[in-house]
Amino acid sequence: MTKKLVICISLIAIFLSGCSLSEPSTKPSNITEKTLNGASFTFFDVGQGDSTLIQAEDGTTILIDTGRQDDDRILTYLKEANIKKLDLLLLTHPHADHIGNADKIIATYKPKEIWMDGLTFSSSIYEKVIDAALASNAKYKEPRRGDKATFGPFDIEVLSPDKLQNDANNDSIAVKMTYKDISAIFTGDAEKGREREMADSGANLEADILDLGHHGSSTSNQPFFLDKVKPQVAVYSAEMANSYGHPHVEVLEWLKERDIKTYGTDVNGTITIETDGKKIHVQTEKEGTPKPGSSYNKENNTQKTEDATSEELPESINLNSASSEELQLLPLIGPALAEKIIAERPYQSIDELKKINGIGDGIVRQIKEQGLAVTK
């Protein structure tokens, strides 16, 4: 079995057998080396997507996001975790890498409540999720800043949005979830403008755990926001050597400057944080140190990977002639969608990709922003 990594720091003494810090933390730490009973936050490795399972010893179960539409590992994870039902399914925003498997999860686990931001989105995946929600017996809500709810021992406060901006990332539902003395903040893909709103809202943003916004992108996770949250542990969800450069080097530097212990699903696999309500215990599927992700430089067409090597990228990717491997260099295009693109050729424009089941406005927008796709 893969050796699991346990990071430990004591409240009373920094130096314990097998545990050390290079420099003192800016605030007392409550990360422990012992397994704890109470509640857990499991950040699943779902590639370039997001999905987190929150559980309590009384059986309360909450799932935040469901991973990509072309990667159904979350279904296997939930089955392995022996999940029978969901008290809350929280879908932060309608991008495919966050709601990709939500329709299947709704049908299988019949959540008591479903939260969505209410943004109308043009994609077949979004439509499937809405259809599944309507067909279920779940209570449907579109929460707004200041709303509060309780699920078992978890208290949830909605931090954002106040009102929709018709921008999928910035309309993400952001919440602070509290279990006894331990809190965690989840912001979906909300960017710095929303972070500023949250910081200026008067809400208490201090939390022990921060799910880094937008997969560790520098469009989120701004220094002023980190200073408000003051987390001891930060987690990002990303795929190894992804084309977005997640996590961005600036974010890792900001976290290091603040002595925030950071984990990523790209290098650590699935990450589980357990708590008894006073201390937290971090366990990872595999050992690894977060490093900047791949970053695409349009000026010289090179892609720098996390180990500082580089490889040539094509100057363009022709939708009408590219191989499956080449098509998978496009944002959010995995093997299944690449084969669908090939099957539906030819294309007169990039927008015609939207005729493919699983590709909507959001994916097409990101493909255009990358600047590689062409049809001639």
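The values are calculated or read from the model by the stated rules, or taken from the named source; none is laboratory data. Because the structure is a prediction, the values reported are computed rather than measured. Quick reminder, even Gly has a Cβ in these numbers, built from the backbone with ideal geometry, and neighbours come from all protein chains shown. The accessibility values were calculated without ligands, DNA or RNA, using every heavy atom of the protein model including side chains. Shrake-Rupley method; radii C 1.70, N 1.55, O 1.52, S 1.80 Å.
If you plug each phi of the range 67-77 into the Karplus form 6.51 cos²θ - 1.76 cosθ + 1.60 with θ = phi - 60°, what whole-Hz ³J(HN,Hα) values come out, in order, with x for Gly and Pro?
x, 6, 6, 9, 9, 9, 4, 4, 5, 5, 4
Of 218, 153, 41, which is farthest on the positive side of the dipole of the chain, counting Cα position, with +1 on Lys and Arg Cβ, -1 on Asp and Glu Cβ, and the Cα centre as origin?
Farthest towards the positive end: 153.
Give the peptides 314-323, 101-110 in descending order of average Cβ contacts within 10 Å, highest first.
For the peptides 314-323, 101-110, the packing ranking is 101-110, 314-323.
Using amide H atoms built in the peptide plane, which far-off residues or other-chain residues are under 5 Å from residue 151 H to H?
Those lying under 5 Å, H to H, from residue 151 are 156.
Among 140, 166, 94, whose Cα projects farthest towards the positive end of the dipole of the range 60-172, with charges put on the beta-carbon of Lys, Arg (+1) and Asp, Glu (-1)?
140
Here are some pairs, 141/176; 141/261; 128/355; 79/141; 84/354; which of them have Cα atoms lying more than 23 Å apart in this structure? It would help to have the intermediate numbers written out before the result.
Numbers: 141/176 17 Å; 141/261 34 Å; 128/355 15 Å; 79/141 26 Å; 84/354 35 Å.
141/261; 79/141; 84/354, as the Cα separations exceed 23 Å there.
For the range 186-236, what does the alpha-carbon gyration tensor say about shape, rounded, prolate or oblate, given a ≥ b ≥ c as the root eigenvalues, a/c under 1.5 as rounded, and a/b over b/c as prolate? Could you put the intermediate results ahead of the total?
Values: a/c = 1.78, a/b = 1.08, b/c = 1.65.
The shape class here is oblate.
Label-point separation (nm) for residue 135 and residue 376, each offset 7 Å from Cα along Cα-to-Cβ?
Result for the modelled spin labels: 4.3 nm.
Return the sequence-ordered ³J(HN,Hα) values of the range 234-245 in whole Hz as given by the Karplus equation 6.51 cos²θ - 1.76 cosθ + 1.60 applied to θ = phi - 60°, using x for Gly and Pro.
Rounded to whole hertz, the list is 10, 10, 10, 10, 7, 9, 4, 6, 5, 6, 8, x.
Can you give the extra length, in nm with one decimal, that the chain gains between residue 57 and residue 120 once fully stretched, where that is 0.36 nm per residue apart less the Cα-Cα distance?
Values: separation 63, 0.36 × 63 = 22.68 nm, distance 3.61 nm.
Here the answer is 19.1 nm.
Give the long-range amide H neighbours of residue 113: residues separated by 5 or more places, or on another chain, with amide H under 5 Å away, using H modelled in the peptide plane at 1.01 Å from N.
88, 89, 139
Taking the Cα centre of the chain as origin, work out the dipole magnitude from +1 charges on Lys and Arg Cβ and -1 charges on Asp and Glu Cβ, in debye rounded to 20.
On the way: 42 positive and 59 negative charges, 161 e Å.
Computed charge dipole of the chain: roughly 780 debye.
What shape does the range 128-175 take by its C-alpha gyration tensor, where a ≥ b ≥ c are the square roots of the eigenvalues and a/c under 1.5 counts as rounded, a/b above b/c as prolate, and the rest as oblate?
Numbers: a/c = 2.59, a/b = 1.07, b/c = 2.43.
Oblate is the answer for the range 128-175, as a/c is 1.5 or above yet b/c matches or exceeds a/b.
Under a Cβ-only charge scheme (Lys and Arg +1, Asp and Glu -1), can you give me the dipole magnitude of the range 128-211 about the Cα centre, in debye to the nearest 20? Intermediate results must be reported in sequence, preceding the final value.
Numbers: 12 positive and 17 negative charges, 64 e Å.
Once rounded to the nearest 20, the dipole reads 300 debye.
Given only helices, namely DSSP H runs of n ≥ 4 each adding -39500 (n - 2.57), what is the per-residue ellipticity at 222 nm of the chain, to the nearest 500 deg cm²/dmol? List each step's numbers first, then the result.
On the way: 11 runs with 84 residues, N = 376.
Rounded to the nearest 500, the figure is -6000 deg cm²/dmol.
Taking Rh as the Kirkwood radius computed over C-alpha pairs, what is the Stokes-Einstein D of the range 99-144 at 10 °C in a medium of viscosity 1.306 mPa s, expressed in µm² per second? The partial results should precede the final answer.
Working: Rh = 10.7 Å.
Rounded to a whole number, D works out at 148 µm²/s.
So what is the accessible area of the chain per residue, in Å², with the probe set to 1.4 Å?
So the chain comes to 44 Å² accessible per residue, rounded to a whole number.
How high is the relative contact order of the chain, given as a whole-number percent (alpha carbon pairs under 8 Å, six or more residues apart)? Show your work: numbers first, answer last.
Values: 866 pairs, mean separation 60.3, N = 376.
Once normalised by length, the contact order is 16 percent.
Through the Karplus equation 6.51 cos²θ - 1.76 cosθ + 1.60, θ set to phi - 60°, convert the phi angles of the range 97-109 into ³J(HN,Hα) values in whole Hz; use x for Gly and Pro.
6, 10, 10, x, 10, 5, 4, 5, 5, 4, 5, 7, 10
Hey, if you put +1 on the Cβ of every Lys and Arg and -1 on every Asp and Glu Cβ in the chain, which of 114, 343, 233 ends up farthest toward the positive end of that dipole?
Of 114, 343, 233, it is 114.
Does the range 196-264 come out rounded, prolate or oblate by the C-alpha gyration tensor, with a ≥ b ≥ c the root eigenvalues, rounded set by a/c under 1.5 and, if not, prolate when a/b is larger than b/c and oblate if not? Let's see the in-between values first.
Working: a/c = 2.03, a/b = 1.63, b/c = 1.25.
Judged from the Cα gyration tensor, the range 196-264 comes out prolate (a/c at least 1.5, a/b above b/c).
Carbon and sulfur atoms: what percent of the 1.4 Å accessible area of the chain do they account for? Please list the in-between numbers first.
Values: 7750 of 16440 Å².
The nonpolar share, carbon plus sulfur, comes to 47 percent.
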